Structures are given as C-alpha cells and as structure tokens.
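Asks: Dumping the structure here so I can ask a few things about it.
Just so it is clear, none of the values below were taken in a lab; they were calculated from the coordinates. What you see is a predicted model; the values in this text were computed from it and never measured. For neighbour counting, all protein chains shown are included, and Cβ atoms are generated from backbone atoms with ideal geometry for every residue, glycine included.
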Amino acid sequence: MEIKIKLDNNYIDPFGVPFHTILNSLNDPSKEIIQNKTQAVIKSKKTETLIDISKPEFINKDNIVISSVLTIKTKLPSYFDKLIENYDAIRTLNQFASLGAITLIDNEYYLGTRLTIFEGDDLWNLHIPLITMTVLCAEDSIIGALEKIGSGKSAPTEKSFWKNKDFKIVENYLKKICVCNYEDLVFTAEFPLSENAISVGISEKINTALLTLKANENHLELGGGLFSLLNMPHSFENQEELFYIIKKFNQIEMQGIDLAPHYGAWTSGNEKTLSYVSFLPNIIYNLKGAEDIAVNMSYWASERAQAANKILSAEGIYF
C-alpha cells in the first residue's frame, strides 16, 4: 500500500528546497499528503501536519543571505486542550520531545520544528532524514510517552546504535572550540559563555553551557537512540519566570530566522534550570546523509547556547 500524495505537477522546488523529494520520503501508508505550491498538509487518523516554506528578506550580521525557512507544525489531538492549560505539564511533556516542541503559535498549541537554510548550504542529505522523522515521530514521542506514563509501562529495551566511536568523532571536532570528553556512552562538552569562562570542574562559578549526549538511556516511547541535552547555567528561583522563559524560547525558535536548526524543545533540566532536549531514534543512525549527525547536533547546540545567553541577558537574566 502506497502513501496518497497529491503533488502540484506544475511545481518547481522553491528557494532551493527539494520539496518533492521531502514529500516522497514520507512513505507512511497511514498518511495523506496534499501539496499546494510552498505548503503541504500531511493528514493521519489522529492529527495533521503543515509544512511551510518561505523566503524572508533577511541578511544576518555577517552579510549571509537566508535562502529559505522551513517550518513543521503538527496539531495536537483535542484531548490535549485541558492538559496544556497547565504550563508545568507542557514543560514536562517537552522533556520527552524528539525533534519538535509543544509551542503556542497564533493561540493554538503545535508541535513545532524549524529549519533555516543559508545561501551556499548544501545539507539536504542531512536534513531530509531529520524532516522525515520529525513528521513521522515527533507526535508519537510525546503522545506515546504520555500514554506510557499513564499506564506505568517501561521504555523499550533496545540498545542505542550510537557508540563511543561516534563520540570520538564528535570530540575530534569539538576539542578545537571547547573542553569535551566521553566515557561509557556519554559525551560532555562545555561551551564558554564569557570571554574568561572556566570549566565547571575548576571553578564554583558556572559560566559555561553543558552539552550532554547520551547513548545509554532510552526514550520512553521511541526506545534506543541518542539523547542531546543542553543545560544553560542560569538559575531560576521563581518557577513562573522559568515557565515564561521556556514558553518564550520555544516561540522564538519557531519565529526566529537567524538561528540554528530547531529539532527539539526548550524545557527545564530540573526545577531551576533551562535546558534544550532532542532525541534521535535509532532509525536515523543508518540513513544515508545522516552520518556523523551527532557532530551537527553538537555545533547547533553551541550556536544555541550563545543565542540563548544573549536573549536571557536582554531579559536581565544572568548566570
């Protein structure tokens, strides 16, 4: 059984985005795809997802032109309406995010993902697998985890495909810009947020953002894979302030333009800290184009830490 795809036959890929290739990659027979120029609606029995491509008139501070912005918005089932009135619940559910965040957009809650492509970039071999898995898995990562919590069922037991050899590759890249190491399927890197930043192990004052990649912990719904957790050093004594910042950051990720790819969710690391979480399921590991994807995720985390620190400083929040 093949997926039902209604493509625009007079269509030309817009702004350098291989839209037909992306849509044809979504070969799930339970979904129907309807394309209209630079938008596509993917429908399933539970919900629907909107993919939208735009070209903003924007040049960043380094005079680099943005060629396109792709957003993915998946509507949440109606039974989420009451649940997400409690923002603490949203914060908790986003801790189980895979490649998209529960986000308030135009007075509606969506699972949101955003990809900004700059002129000269040729990373579609990497992004097409991520976009495909976002559409196919983002909803299940949160809804499935919620059902597991309610039923008390444990996470799938399959082992992660990522190993220490993959973390060695990440270390070879990141050691040029930060302190990093790996051991027992866990990789850590500290991104300096100030000119004279000192490693956590040396100073009591934390002025670095901590990235942790974990291949020894399974997702509650998606099983084995690679967790990525970026912890900011800022501490929030006021829970309402933390919830406000989490909500605002997920909105900024969807509405921002000059930002790293948004495959994940802002949430809280504990009751007082701000964190960004992503999860790559095992199926991504062997997909063509996704080789060394942990390296890309790490560089995006570094960019995200710097951008988040600037936004927090503008809000009067410092580490």
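Asks: Between K75 and Q255, what is 0.36 nm times their sequence separation minus the Cα-Cα distance? Round to one decimal in nm. Display every interim value, and only then the final one.
Replies: Values: separation 180, 0.36 × 180 = 64.80 nm, distance 1.69 nm.
Result: 63.1 nm gained on full extension.
Asks: Can you tell me the FRET efficiency between D140 and N286 if r is taken as the Cβ-Cβ distance and R0 is 22 Å, rounded to the nearest 0.05?
Replies: On the way: r = 20 Å, r/R0 = 0.90.
That pair, D140 with N286, gives E of 0.65.
Asks: Roughly how many nanometres apart are two label points built 7 Å out from the Cα toward the Cβ at S44 and Q239?
Replies: Taking the simple label geometry, S44 and Q239 are separated by 3.2 nm.
Asks: Just list whichever of K45/K75; K272/K310; K31/K75; K153/K248 have alpha carbons separated by over 24 Å in the model shown.
Replies: K153/K248
Asks: Hey, another quick one. Give the Rg/Rh ratio for the chain, taking Rg as the radius of gyration of the Cα atoms and Rh as the Kirkwood radius, to two decimals.
Replies: The Rg/Rh ratio comes out at 0.95.
Asks: Moving to a separate point now. Run the paramagnetic zone check for I149: 7 angstrom along Cα to Cβ, then residues of the stretch 230-270 with backbone nitrogen under 12 Å.
Replies: 268
Asks: Still on this structure, I have one more. Are there trypsin sites (Lys or Arg not before Pro) in the stretch 13-71 that DSSP marks as loop and that have at most 16 other Cβ atoms within 10 Å, and which are they?
Replies: Working: sites: K31, K37, K43, K45, K46, K61; in loops: K31, K37, K45, K46, K61.
Answer in residue order: K37, K45, K46, K61.
Asks: According to a simple spin-label model (label point 7 Å from Cα along Cα-to-Cβ), what is the distance in nm between I64 and D106?
Replies: Using points 7 Å along Cα→Cβ, the separation is 2.9 nm.
Asks: Please give the contour-minus-distance gain from D184 to E315: 0.36 nm per residue of separation, less the Cα-Cα distance, rounded to one decimal in nm.
Replies: On the way: separation 131, 0.36 × 131 = 47.16 nm, distance 3.81 nm.
Stretched fully, the D184-E315 segment lengthens by 43.3 nm.
Asks: Hey, got a sec? Which trypsin sites (Lys or Arg not before Pro) in the stretch 206-309 land in a DSSP loop and have at most 13 other Cβ atoms within 10 Å?
Replies: K272, K288
Asks: Across the stretch 164-314, how large is the tail of the calculated P(r) beyond 19 Å, expressed as a percent of all Cα pairs?
Replies: 54 percent
Asks: Quick one: what do you get for the stretch 4-151 if you divide its Cα Rg by 2.2 N^0.38 Å?
Replies: Ratio of Cα Rg to 2.2 N^0.38 Å: 1.11.
Asks: If you build a Gaussian network model of the chain, linking Cα atoms that sit under 10 Å apart, which residue out of N164, N296, N270 swings the most?
Replies: The residue with the greatest mean-square fluctuation here is N270.
Asks: For the pair N164 and Q306, how long in nm is the line joining their label points, each one 7 Å along Cα→Cβ?
Replies: A separation of 3.2 nm, rounded to one decimal place.
Asks: Karplus couplings for the stretch 297-305 from phi (6.51 cos²θ - 1.76 cosθ + 1.60, θ = phi - 60°), rounded to Hz, Gly and Pro as x?
Replies: So the J values, rounded to whole Hz, are 4, 5, 5, 5, 5, 4, 5, 5, 4.
Asks: Select from the stretch 270-310 those GluC sites (Glu not before Pro) which occupy a DSSP coil region and have at most 16 other Cβ atoms within 10 Å, ordered by residue number.
Replies: In loop regions of the stretch 270-310 (DSSP not H, G, I, E or B), the sparsely surrounded GluC sites (Glu not before Pro) are E271, E291.
Asks: Using Cα centres only, tell me the gap between the stretch 59-136 and the stretch 272-317 in whole Å.
Replies: Spelled out, the Cα-based centre of one part sits 13 Å from the other.
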